[in-house]
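The values are calculated or read from the model by the stated rules, or taken from the named source; none is laboratory data. Please read all numbers here as calculations on a predicted model, not as lab measurements. Cβ placement follows ideal geometry from the backbone for every residue including glycine, while neighbour counts extend to all protein chains displayed. All accessible areas refer to the heavy atoms of the entire protein, side chains included, with ligands and DNA or RNA removed. Shrake-Rupley method; radii C 1.70, N 1.55, O 1.52, S 1.80 Å.
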Amino acid sequence: MTPPRHIAIIMDGNGRWAQARHLPRLAGHRAGAEALDRAMHLCRDAGVEFLTVYAFSTENWRRSKAEVSGLMALLSTYIANKADELVANSVRFRVIGRRGDLSARLQREIAALEERTRDGAFTLVVALSYGGRDEIVRAAGRLVQARMSSGDSAAVTEEEFGALLDTAGIPDPDLIVRSSGELRLSNFLLWQAAYAEFFFTQTLWPDFGKEDFDAALAAFAKRERRMGGRIKR
Ligand code: IPE
Ligand code: IPE
Ligand code: MG
């Protein structure tokens, strides 16, 4: 069974996980970070090459100040604590999204880790202050800038546009997983999801483990990806 080359995960349900245990929401996010480590190891062991995770959306800024700053602090800690492990495991770390929205310190930490891990064989993409629409609009802005300075008026191709997205150089996800029972994209990878397969599980993200991962891979293996072509069976 050939595994998906790229899995993208909407890590949802941290808040409900914490609530069920009468814990603060941040405890759920901390447990979610551990689930991310598990998922990354499962991906590597299964031969997956790219893992993209939705960690913070452009809409998540609407949450309470305490939750937002707690999440940002958690990210900083994650980077500081995991850097050596990522290097040792040959993981290339990359961030997509509006990184300019993040604190100057967090931006420096991200840039340093991206640089340190640039030659890693397995790619972990973290979507931070990310929105699919925002990414597309920013790419359109770059296109306008480039065309205005070059005076080029040739038709825009999907390849040209795709190379202006934050995900330039990263293949589209083959499988998108969402935990916690919600059946929506919530502004995740709108362009890149064009031909992705979907897997939804009721499991809350902090509880996500091998069982759910294997179920996702098994479901993916049964899908016939026609990409617009005719039915083969
Ligand atoms: C997902 O968990 C993590 C982030 C959005 C940062 P939630 O915090 O959305 O968890 P629920 O949906 O409230 O349970
Ligand atoms: C999507 O989850 C964003 C992340 C997992 C980071 P949300 O919990 O923010 O999505 P909605 O609000 O339920 O659509
Ligand atoms: Mg949620």
Ignoring ligands, DNA and RNA, how do Lys232, Lys210 rank by accessible area with a 1.4 Å probe, largest first?
Lys232, Lys210
With a 1.4 Å probe and every protein chain left in place, work out the accessible area per residue of the chain in Å², rounded to a whole number.
52 Å²
Lys/Arg Cβ at +1, Asp/Glu Cβ at -1, dipole of segment 125-190 taken about the Cα centre: which of Val144, Asn187, Gly162 is farthest positive-ward?
Asn187
Segment 117-211, relative contact order [Cα under 8 Å, separation at least 6], %
29 percent
Probe 1.4 Å - accessible area at Glu160, Å² to nearest ten:
60 Å²
Just going by the charge dipole of the chain, with Lys and Arg at +1 and Asp and Glu at -1 on Cβ, which of His41, Val91, Ala66 is farthest out on the positive end?
Ala66
Of the accessible area of segment 129-233, with the probe set at 1.4 angstrom, what percent is carbon plus sulfur?
56 percent
Hey, for a label at Ile136 modelled as a point 7 Å past Cα toward Cβ, could you say which residues of segment 185-200 have their backbone N under 18 Å away?
185-197
Mind running the shape call on segment 43-151? Use the C-alpha gyration tensor, a ≥ b ≥ c as the square roots of the eigenvalues: rounded below 1.5 for a/c, prolate if a/b tops b/c, oblate otherwise.
oblate
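Which value, in debye to the nearest 20, describes the size of the charge dipole of segment 154-202 about its Cα centre when Lys and Arg Cβ atoms bear +1, Asp and Glu Cβ atoms bear -1, and nothing else is charged?
Numbers: 2 positive and 8 negative charges, 59 e Å.
Roughly 280 debye for segment 154-202.
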Reachable lysines from Lys82, Cα under 25 Å, same-chain residues fewer than 8 places away excluded?
Lys210
Please report, in debye to the nearest 20, how large the charge dipole of the chain is about its Cα centre when each Lys and Arg carries +1 at its beta carbon and each Asp and Glu carries -1 there.
420 debye
Under unit Cβ charges (Lys, Arg +1; Asp, Glu -1), what dipole magnitude, rounded to 20 debye, does segment 1-89 have relative to its Cα centre?
380 debye
Please say if segment 79-135 is rounded, prolate or oblate, where rounded means a/c under 1.5 for a ≥ b ≥ c the square roots of the C-alpha gyration tensor eigenvalues, and otherwise the choice is prolate for a/b larger than b/c and oblate otherwise?
oblate
Compute the FRET efficiency between Asp45 and Ser153 as 1/(1 + (r/R0)^6), taking r as their Cβ-Cβ distance and R0 = 41 Å, and round to the nearest 0.05.
0.25
